[in-house]
């Protein structure tokens, strides 16, 4: 590694002036510029990016089409507000979102600025549309940090500690995490007990006729890339249909080609009533969108979900360009193909490294679950942090996350080249090998908080 003195100096300034509630520390990386699948720090060091700005730069950093779209809009105007005026680009984008999202029914769109506010908006929308109060979310879920999104989230006690009272009448049920089962069972012998758990709640505690919606991620991202069995979706959709409950598909992390489909729910052929999007929608520009059955949005009225800067024209232009690139370069299909290569390579690593307990993913959203013992599946959180650190030292941006903080997150841009992918996976294996051999000192853990 080259010296990182400029990075260290900026980090020292940052720690004095920026709220500590905004950052999860891993390594001293201060970004200077980025292009494609590469990032450079303030000292000129180059890194291969397996984080994509938290699954945001799906089409790569600074894609020329997005940069050009922003420049062209910049020449016209930077800001107006949908609250009081009209302009074309939000309507164009809404029409496109209605076209590409699953569901063969009329749709309407509501805009925001982040995945968090999309989740808050979903709470308001489903309560308005059903006139019911109760909402079910899932253990292990991460939906954001505005008050409603934080209430929906079920992954971190620190997210909720000292922040009560949270939004009332939101309940959490076990997600079908078949590697670290909440109920201590084994799939498929469990008989999908997590669904039976919900049915039992409906029988004895939460009346289904008073339940507005399930809000859930089709693949839990920050829980460690947790993929439910296919029959879970059939059972859950049937429960919703039986009781008039809305199904809200939270695609903030999994949308826009990340899992090898435009939206992850398409892997199971399910049509949700509401879809929540953000992150990759505009390649890093702040934008979110709620796309729902049209009749649901007829039930709320202004200013139920209004933001002064919603549908900023620069952001909408970036989103339209992002969607065009995904379509023209067939990046969802590419993510599926390249993801298979990555999963195969990681599976081969698992044969040689006992630290790897499980490898799972769809497309280029992949989790490598590190354990201290494959039989007990004891999470190897500290080892995962050390692997992240060693990867950073070798020029790869890689973090660990998950319910136990022990899962390596493999999420490069969908445009990553085969050569870059192999290079990055090679660094992952080298870093795991170094940690297994004790080459990553405990000292680095003092600099890392991680999930």
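A few notes on this one:
- Taken together, the criteria place residue 57 among residues that are part of a loop (DSSP other than H, G, I, E, B) and either crowded, with 22+ Cβ neighbours inside 10 Å or touching a strand residue (DSSP E or B) at 6+ places or on another chain (Cβ under 8 Å) (or both).
- If only residues of region 137-147 that are touching a helix residue (DSSP H, G or I) at 6+ places or on another chain (Cβ under 7 Å) and in contact (Cβ under 8 Å) with a residue 60 or more places away in the chain are counted, the one that is surrounded by the most Cβ atoms within 10 Å (Cβ to Cβ) is 143.
- Taking region 163-277 and the strands (runs of 3 or more DSSP E) fully enclosed by it, the elements with 3 or more residues that are farther than 17 Å from residue 132 by Cβ and assigned by TED's automatic domain parsing to the domain that holds residue 137 are at 274-277.
- Condition check for residue 90: in contact (Cβ under 8 Å) with a residue 40 or more places away in the chain, touching a helix residue (DSSP H, G or I) at 6+ places or on another chain (Cβ under 7 Å) and either over 25 Å from residue 221 (Cα atoms) or assigned to a helix (DSSP H, G or I) (or both): yes
- Residue count, region 426-449 (criterion: part of a loop (DSSP other than H, G, I, E, B) and either farther than 17 Å from residue 370 by Cα or touching a residue at least 24 places away in the same chain (Cβ under 8 Å) (or both)): 5
- Of the residues making up region 60-87, those that are over 20 Å from residue 284 (Cβ atoms) and part of a helix (DSSP H, G or I) number 0.
- Residue ID - farthest from residue 3 (Cα to Cα), chosen from residues in region 350-384 that are in a helix (DSSP H, G or I) and touching a strand residue (DSSP E or B) at 6+ places or on another chain (Cβ under 6 Å): 350
- Flag if residue 77 is surrounded by fewer than 20 Cβ atoms within 10 Å (Cβ to Cβ) and either in contact (Cβ under 8 Å) with a residue 60 or more places away in the chain or more than 19 Å from the chain's Cα centre (by Cα) (or both): yes
- For region 126-162, residues that are in contact with a strand residue (DSSP E or B) (Cβ under 9 Å, 6 or more places away or on another chain), over 22 Å from residue 202 (Cα atoms) and part of a helix (DSSP H, G or I) total 1.
- Residue within region 16-25 that is modelled with pLDDT under 95, in contact with a helix residue (DSSP H, G or I) (Cβ under 7 Å, 6 or more places away or on another chain) and in the same structural domain as residue 419 (by TED's automatic domain parsing) present: yes
- Among the residues of region 297-316, those identified as out of contact with any strand residue (DSSP E or B) (no Cβ under 8 Å at 6 or more places or on another chain) and part of a loop (DSSP other than H, G, I, E, B) are 299, 300, 301, 302, 303, 304, 306, 308, 309, 312.
- Some residue of region 407-421 being without any contact (Cβ under 8 Å) to a residue 60 or more places away in the chain, buried (at least 23 other Cβ atoms within 10 Å of the Cβ), within 20 Å of residue 55 (Cβ to Cβ) and within 20 Å of the chain's Cα centre (by Cα): yes
- From the list 176, 218, 188, the one residue that fits, being within 28 Å of residue 261 (Cα to Cα) and surrounded by fewer than 19 Cβ atoms within 10 Å (Cβ to Cβ), is 188.
- Of all residues making up region 305-342, the number that are crowded, with 22+ Cβ neighbours inside 10 Å and over 26 Å from residue 109 (Cα atoms): 3
The values are calculated or read from the model by the stated rules, or taken from the named source; none is laboratory data. Please read all numbers here as calculations on a predicted model, not as lab measurements. Positions of Cβ are backbone-derived with ideal geometry, glycine not excepted, and every protein chain shown enters the neighbour counts.
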